[in-house]
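Participant: My questions will all concern the structure given below.
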Amino acid sequence: MVTKTMSKTKFMGSIGRIFIASFLLCLAVVVIYPLLWMVMNGFKSNGDMLSSPFSWPRELNWQNYVKAWNRGVSSYLTISILVTVTSTLTTILISAWAAYGLTRVAIPFNRLMTTLVLGGLMLAPAVALVPLVKLFQALGLYNTYWALLILYTAFRIPFCTFLIRSYMLDLPREVDEAAEMDGASPAATFWRVILPMCRPIIVSAVVLNVLFTWNEYLFAMVFTSGGDFQTLPVGLTSLMSKNGTDYPVVFAGMVIAAIPVVVLFFASQRYFIRGLADGMGK
Amino acid sequence: MMADPVFWTALINNVFYAVVSVIVQVSGALALAAVIEGLRSERLRGILRATYFIPSAISLTVAGLLFYFIYEPELGLLNGLLDSLGLNQLTQAWLGQENTAIWGIIAMSQWQGFGYSTLLFAVAIQRIPSELYDAAAIDGVGGLKKFWTITMPLTREMTGLMMIVTVAGSFQVFNEVMVMTSGGPNNSSQVLGTWLYRSGFVRNDFGYAAAIATVIFVVTIVLALIQLWYGRRRRVEW
């Protein structure tokens with residue numbers, strides 16, 4: 001009797017395992033196949049794609065990539081890299097300074113300032129859109145590189161400060177005291193002691209920030225609608241409208257836009273997950 | 001605003017977005033993360049987590065354009081798949097019809113986002129002391145029961161947070177709708193974000209755009225306050 005129920009649960013267990021395994025596999029196919037389809041279509045000739053959209057490409061048409069590159073993607077890519085690098089640098093630097101000040105220096109109204117900085121987390125970009133456009137138009141910054149740099153930095157500081165601050169809170173006080181005893185100024189303590197100790201969270205913050213900036217669409221579209229200054233997400237949509245029926249070129253452009261972030265994700269997975277976990281979990 | 005039918009369409013679409021996203025990206029992702037973390041091979045767990053995450057790394061613009069093509073009536077993967085399964089009668093212009101457009105966008109958004117929340121839940125599950133699961137295994141507790149009695153209660157904070165973040169995100173949707181349909185056909189897939197944009201920047205009615213912004217603001221700020229309250233309460237408990 002006992003053995004019979006045992007084997008029954010075992011049987012149910014293996015059915016369950018097979019079911020779970022096939023479910024996980026199907027889900028992986030659902031995720032991968034569209035991406036594979038995108039890459040394949042980027043290699044097809046236009047006729048090939050229109051006549052047999054689901055087959056493997058008959059030959060690898062690298063020209064699609066060349067065409068996409070020459071029809072604007074090179075400039076979108078350059079601008080995306082420029083905006084991403086500079087805004088990530090300024091964001092992380094300002095956030096690290098802010099976090100240092102808020103956690104390790106005795107400043108007046110510390111609590112109020114912390115609330116103010118972190119309160120920025122609650123502001124949705126769409127909510128501030130109209131006043132920001134008016135403001136940037138009045139300042140003459142509309143349709144310029146500076147608009148994106150300022151907006152991305154300003155909107156990312158709360159989150160990055162929050163990440164770095166919670167990490168700094170866990171660093172022992174004795175470190176600062178030891179540095180002070182050795183005669184280090186607060187600035188030297190920050191650069192030589194605290195910042196190097198925060199390296200793991202800084203890397204996480206950089207990765208999250210790069211992903212955000214690289215993929216941001218709303219601000220990029222509204223503030224650089226002029227045309228000659230477009231980041232990749234906005235550029236791709238204009239590539240799409242300009243190349244009406246030459247779909248493989250659009251697919252090639254999409255692949256070019258996706259590769260850097262996918263590579264970055266796989267290269268930095270550990271830090272990335274850590275950053276997400278710290279950002280959400282604390 | 002109250003007399004504007006498109007405003008209501010947009011608001012309802014945002015609500016649909018929130019409901020589906022909570023089902024898929026909170027409950028679904030939690031269950032999926034529990035299944036993945038229950039696997040024996042650490043290597044396999046890592047591969048699955050990373051694979052499911054890829055769509056979240058590529059931008060919503062790329063994902064949106066990709067699905068624009070997937071839903072394309074002639075060339076698209078979806079109609080092709082239905083054809084090959086012999087379900088020709090189901091093929092249609094997914095984004096070109098008023099009753100399917102928003103659902104096509106919502107489905108794309110789930111594809112793009114579920115890996116991200118699964119990853120976060122996986123991290124939360126990893127933080128649960130493994131002794132609890134070992135003890136349950138010794139007592140002969142089955143997988144489903146472990147999920148109800150250990151995983152669910154001990155990831156409740158993350159679940160609550162994800163719920164708020166997901167709903168708040170659903171009310172700020174913009175990118176994918178803009179890329180895939182621009183709110184069409186006939187405004188059927190407008191959401192508050194795209195209707196705000198259209199009102200302000202296409203029809204030049206900045207006042208109306210600001211009014212829509214206020215609605216988004218109220219929704220997101222209420223959710224943020226709930227989140228704050230939630231976080232504070234948790235701190236006391238710990």
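Participant: Under 1.5 on a/c is rounded, so check that first for the stretch A:202-279, then, if it is not, pick prolate when a/b is larger than b/c and oblate when it is not; a ≥ b ≥ c are the square roots of the alpha carbon gyration tensor eigenvalues.
Facilitator: It comes out oblate by the Cα gyration axes.
Participant: R0 = 56 Å: FRET efficiency of B:Asn204 with B:Phe147, Cβ-based, nearest 0.05?
Facilitator: 0.55
Participant: Would you please give the FRET efficiency between A:Lys242 and B:Leu225, computed as 1/(1 + (r/R0)^6) with r the Cβ-Cβ distance and R0 = 30 Å, to the nearest 0.05?
Facilitator: Computed FRET efficiency for A:Lys242 and B:Leu225: 0.10.
Participant: Dimensions of chain B along principal axes (Cα, Å, largest first)?
Facilitator: 64, 51, 26
Participant: Relative contact order of the stretch B:5-237: what whole-number percent is it, with Cα pairs under 8 angstrom and at least 6 residues apart?
Facilitator: Working: 263 pairs, mean separation 69.1, N = 233.
Rounded, it is 30 percent for the stretch B:5-237.
Participant: By count of other Cβ within 10 Å, fewest leading, how are A:Leu141, B:Leu85, B:Leu60 ordered?
Facilitator: With the sparsest Cβ surroundings first, the list reads B:Leu85, A:Leu141, B:Leu60.
Participant: Under the rule a/c < 1.5 gives rounded, and otherwise a/b versus b/c splits prolate from oblate, where does the stretch A:30-165 land using the Cα gyration tensor?
Facilitator: Prolate.
Participant: Could you please report the charge total around B:Ala93, scoring K, R as +1 and D, E as -1 over all other residues with beta-carbon less than 15 angstrom from its beta-carbon?
Facilitator: -4
Participant: Normalise the Debye intensity by I(0) for chain A, one equal point scatterer per Cα, no solvent, then take log10 at q = 0.17 Å⁻¹ and round to two decimals.
Facilitator: The calculated log intensity ratios at q = 0.17 Å⁻¹ are -1.31.
Participant: Where in the stretch B:58-78 is the amide nitrogen less than 15 Å from a point lying 7 Å along the Cα-to-Cβ axis of B:Thr91?
Facilitator: Flagged as within label range: B:70-78.
Participant: May I pose another question? In chain B, once you exclude exposed GluC sites (Glu not before Pro) (DSSP loop, at most 14 other Cβ within 10 angstrom), what's the longest stretch remaining?
Facilitator: B:99-238
Participant: Other chains near A:210-218: what is the mean number of their Cβ atoms within 10 Å of each residue's Cβ?
Facilitator: Neighbouring Cβ atoms belonging to other protein chains average 4 per residue here.
Participant: Rounded to whole Å and sorted largest first, list the principal axis extents of the Cα atoms in the protein assembly as shown.
Facilitator: In descending order, the Cα extents are 84, 75, 52 Å.
Participant: A:Ala138 versus A:Ser74, label points 7 Å from Cα toward the beta carbon: distance in nm?
Facilitator: 4.1
Participant: Give me the distance between the Cα centres of the stretch B:68-142 and the stretch A:110-189, rounded to whole Å.
Facilitator: The distance from the Cα centre of the stretch B:68-142 to that of the stretch A:110-189 comes to 36 Å.
Participant: Take the stretch B:98-238, drop everything but the C-alpha atoms, weight them equally and run the Debye formula without solvent; then report log10 I(q)/I(0) at 0.14 Å⁻¹ to two decimals.
Facilitator: -0.83
Participant: Leaving out same-chain residues fewer than 8 places away, which aspartates and glutamates sit with a Cα under 12 Å from that of A:Lys44?
Facilitator: A:Glu59, A:Asp246
Participant: Next up: Which part of the stretch A:84-124 falls in the paramagnetic zone of A:Leu171, meaning amide N under 13 Å from the point 7 Å along Cα-to-beta-carbon?
Facilitator: Once the point is set 7 Å along Cα→Cβ of A:Leu171, A:96-105 turn out to lie under 13 Å by backbone N, inside the stretch A:84-124.
Bear in mind that the values in this text are calculations on the coordinates, not laboratory data. Quick caveat, the model's predicted, so the values are computed rather than measured. So basically every Cβ, Gly included, is an ideal-geometry build from the backbone, and we count neighbours across all protein chains shown.
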